[in-house]
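Worksheet for the structure shown next.
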Amino acid sequence: MMDKAPGRIQINAGIYKGSILFVPNAVVRPTPLMVRQALFNALMPTLSEGPFLDLFCGSGAMGLEALSRGAPAAVLVESGRAELAALKKSLAKMGLLQNPALALWPLDIERAVKMLGGSGQKFRYIFADPPYKLWERAANMAWPAALFSLLMPKGRIICQRGKNQPSFNLPQMVLYESRVYGNNALDFYKILGEEP
């Protein structure tokens, strides 16, 4: 199923299949449909095992797709004003603004990761998709090193990047697989010492 107009994308499968997500065109670079489909097809066997954290969530497509496909909970982190306005519009249309399985954290990435760590929340999957133009700055900030503390046992981190950009170096994590889809790449990390 193809996404609709450039300013809108939709949930591809699960209980919210077909739900339209609004996107501020000039601001957000949504994860392409092909990449979303491939990722969630790979995660489906274990997606229900724990919460899903969507960092730099933009339209919320990744976290909402996870929730739609069976993740027990999802946390969306975004700080951009235009992105948050569009995301709240999408959540209202889907009836999710008051859903206890979904939390929207309107914070910058450093504060959000620090506060999530202090809250004791743990996640089965963490998806991080920093804006490509901010990639170098994001890679040199403190939040990547803190992600390990947010994972459940057997938790995984997936980072999206441009195919020509370097992978993150995540302490306590091992990069065990990279997949390229057109101009996009997904890096899969596991906890050091755990089986893939």
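Of the residues contained in segment 118-128, none is found to be within 14 Å of the chain's Cα centre (by Cα), at pLDDT below 90 and of a type outside the set (Val, Ile, Thr). Can you tell me which residue is modelled with the highest pLDDT among those in segment 151-178 that are over 19 Å from residue 39 (Cβ atoms) and in contact with a helix residue (DSSP H, G or I) (Cβ under 8 Å, 6 or more places away or on another chain)? Step by step, filter segment 151-178, then rank; the result is 172. Taking the criterion of being among the hydroxyl-bearing types (Ser, Thr, Tyr) and surrounded by 23 or more Cβ atoms within 10 Å (Cβ to Cβ), the only residue of segment 50-81 that qualifies is 59.
Between 35, 23, which is under 21 Å from residue 156 (Cβ atoms) and of a type in the set (Val, Ile, Thr)? None of the other options fit; the residue is 35. Checked against the criterion of being out of contact with any Phe, Trp or Tyr (no Cβ under 9 Å at 6 or more places or on another chain), surrounded by fewer than 24 Cβ atoms within 10 Å (Cβ to Cβ) and within 23 Å of residue 144 (Cα to Cα), the candidates 107, 47, 91 yield just one match: 107. Checking the structure you have, find out if any residue of segment 77-97 is modelled with pLDDT under 95, outside any loop (DSSP other than H, G, I, E, B), closer than 21 Å to residue 157 by Cα and of a type in the set (Lys, Arg). No, segment 77-97 contains no residue that is modelled with pLDDT under 95, outside any loop (DSSP other than H, G, I, E, B), closer than 21 Å to residue 157 by Cα and of a type in the set (Lys, Arg).
The values are calculated or read from the model by the stated rules, or taken from the named source; none is laboratory data. Predicted model only: the values in this text are computed from it and were never measured. All Cβ positions, glycine included, derive from the backbone under ideal geometry; neighbour counts span all protein chains shown.
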